[in-house]
Amino acid sequence: MKNTNSKWIPFFSAAVVVAIFSIQPIHAELLEKTKKVAGATVRYKVVLPNGYDPAKPYPAILAFGGGPQTMNTVDAVLNRNLRAEAEKRGYIVVAPAAPDDQLFFEDGARIFPEFLKLILADYKIQDNKFHIAGPSNGGIAAFHVAAANPQYFLSVTAFPGYMWEPTPAKLQAISKMCVFMYVGENDEYMWHAEMKREAEVLRSKGTVARYTVEKGQPHRMETLAGDNAGRLFDGFEETKKGCGK
């Protein structure tokens with residue numbers, strides 16, 4: 001009798017395994033990829049949200065790291081500011097490293113808009129537009145790239161950051177986007193004045209432009225990192241209400 005029943009054990013075990021896996025949540029993914037764009041090899045990471053469905057459109061963020069904008073700084077901005085909330089709230093995040101060590105507000109910007117077109121071919125992005133964000137040099141890059149390619153962006157978020165070599169035309173180019181600017185009260189680089197001035201110019205054009213001084217914070221702010229990173233996403237969500245008068 002034992003021998004007769006034992007032949008069913010492997011089949012039963014397999015069924016249990018299938019049942020167990022079928023009720024497990026689909027975990028988010030962090031992918032590392034490479035593309036050839038504008039004669040440069042671009043390395044980048046992609047955060048996919050929990051339960052990602054490739055047939056469904058998602059809101060998306062183009063993110064830049066600070067400092068030298070290497071893969072190490074890509075990892076830093078994802079881990080400190082963006083990944084956890086993106087996975088939870090249902091956002092795709094695309095974060096490239098600067099090609100050939102050329103910053104994204106300098107010669108590295110040559111990969112746009114071709115890089116964006118390639119990402120749009122790979123993923124379904126809501127309305128074919130991104131939020132763009134980054135800290136420090138990443139914030140400067142966010143303004144620069146958004147101004148040069150305004151048709152691809154819904155909002156600009158710099159924590160901190162400002163428009164590199166600003167002109168009326170560059171500020172006008174982002175005036176239909178929501179703009180969120182954060183700077184530490186004790187920022188050692190003293191970017192306050194330029195950030196405040198640009199926010200005021202944008203508001204005069206009817207733009208939703210927020211300039212926020214983070215009390216007691218240095219250049220690398222903790223008030224927008226970790227458990228506080230949701231504040232950045234609250235800004236992205238605010239764009240649904242409109243970004244201009």
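A short reminder: the numbers here are calculations on the coordinates, not readings from a lab. Keep in mind it's a predicted model, so treat the numbers as computed, not measured. Because the Cβ atoms are built from the backbone with ideal geometry, glycine has one as well, and the counts that use them run over all protein chains shown.
Observations on the structure shown:
- Once backbone amide H atoms are built at 1.01 Å from N, GLY90 has ASN50 as its partners under 5 Å, excluding neighbours fewer than 5 places away on the same chain.
- For the pair segment 144-223 / segment 92-132, the C-alpha centres are spaced 19 Å from each other.
- For PHE180, residues with placed amide H under 5 Å, excluding near neighbours: VAL156, THR157, ALA158, ARG210
- For segment 82-99, 3J(HN,Hα) per residue [Karplus equation, 6.51 cos²θ - 1.76 cosθ + 1.60, θ = phi - 60°, Hz, x = Gly/Pro]: 10, 4, 4, 5, 5, 4, 6, 8, x, 10, 8, 10, 10, 10, x, 8, 4, x
- Compared with the dominant Cα axis of the chain, that is its longest principal axis, helix 9-22 is turned about 20°.
- Each pair of Cα atoms in segment 78-227 enters the Kirkwood radius, and Stokes-Einstein at 20 °C and 1.002 mPa s then converts it into a translational diffusion coefficient of 136 µm²/s.
- Proximal lysines relative to LYS45, as straight alpha-carbon distance under 21 Å, when same-chain residues fewer than 8 apart are discounted: LYS33, LYS35, LYS36, LYS56, LYS88, LYS117, LYS124, LYS129
- Among SER204, SER136, SER155: highest mean-square fluctuation, GNM of the chain, C-alpha pairs under 10 Å: SER204
- Applied to segment 236-244, the Karplus parametrisation 6.51 cos²θ - 1.76 cosθ + 1.60 on θ = phi - 60° returns per-residue 3J(HN,Hα) values of 4, 5, 5, 4, 4, 7, x, 10, x Hz, with x for Gly and Pro.
- Length-normalised contact order for the chain - Cα pairs under 8 Å, 6+ apart - percent: 15 percent
- In terms of its Cα atoms, segment 141-245 spans 33, 28, 22 Å along the principal axes, sorted from long to short.
- Under 5 Å, built H, 5+ apart or other chain: amide partners of PHE153: PHE130
- HN-Hα J in Hz across segment 105-113 - Karplus 6.51, -1.76, 1.60, θ = phi - 60°, x for Gly and Pro: 9, 10, 5, x, 5, 5, 6, 9, x
- Of all DSSP beta bridges in the chain, antiparallel share, percent nearest 5: 40 percent
- Tensor-based shape of segment 75-137 (alpha-carbon gyration tensor, a/c under 1.5 rounded, otherwise prolate or oblate): oblate
- Within segment 143-245, percent of DSSP bridges classed antiparallel, to nearest 5: 10 percent
- When the charge dipole of segment 155-214 is built from unit charges on Cβ atoms (+1 for Lys and Arg, -1 for Asp and Glu) and taken about the Cα centre, the candidate among ASN186, VAL156, GLY206 whose Cα reaches farthest toward its positive end is GLY206.
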